[in-house]
Amino acid sequence: MTYEGGESSQEAMNRIVEALHEQIKLEKDHTLFATHGNIMSLLLKHADPTIGFEEWEKLSNPDVYILRYFNPDHIETKRIWQ
């Protein structure tokens with residue numbers, strides 16, 4: 001269920017993953033995404049399906065992750081903010 005004019009978590013995940021794939025197609029060495037925690041946790045969940053509510057709760061403000069793209073089925077995540 002979504003509120004009128006809103007989006008579901010799945011729709012938001014699809015949106016951020018599409019943005020990620022658009023950047024990958026540009027074949028740049030580095031890309032920076034700046035976002036709020038909810039969409040960031042959805043992107044992390046896309047990369048690692050075991051990420052859930054507990055990981056979302058542990059996000060800090062700010063927080064920084066590196067995502068290394070190998071192929072659509074292999075994206076590594078590493079938290080670098082301590």
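Within the stretch 40-80, being of a type in the set (Lys, Arg) and within 23 Å of Glu27 (Cβ to Cβ) holds for Arg68, Lys78. Ile66 - would you say it is among the β-branched types (Val, Ile, Thr) and touching a residue at least 24 places away in the same chain (Cβ under 8 Å)? No; evaluated as a whole, the condition is false for this residue.
Evaluated against (1) assigned to a loop (DSSP other than H, G, I, E, B); (2) of a type outside the set (Ser, Thr, Tyr); (3) in contact with a helix residue (DSSP H, G or I) (Cβ under 8 Å, 6 or more places away or on another chain), Ala12 falls short on exactly one condition, (1). The set of residues in the stretch 1-56 being out of contact with any strand residue (DSSP E or B) (no Cβ under 7 Å at 6 or more places or on another chain), among the β-branched types (Val, Ile, Thr), closer than 15 Å to Phe70 by Cα and open to solvent by less than 60 Å² (accessible area, probe 1.4 Å) consists of Val17 alone.
The values are calculated or read from the model by the stated rules, or taken from the named source; none is laboratory data. These numbers come from a predicted model, not from an experiment. Cβ sites come from the backbone with ideal geometry, for glycine too, and all protein chains shown count toward neighbours. Ligands, DNA and RNA are stripped out before the accessible areas are found, and what is left, the full protein with its side chains, is counted by its heavy atoms. Shrake-Rupley method; radii C 1.70, N 1.55, O 1.52, S 1.80 Å.
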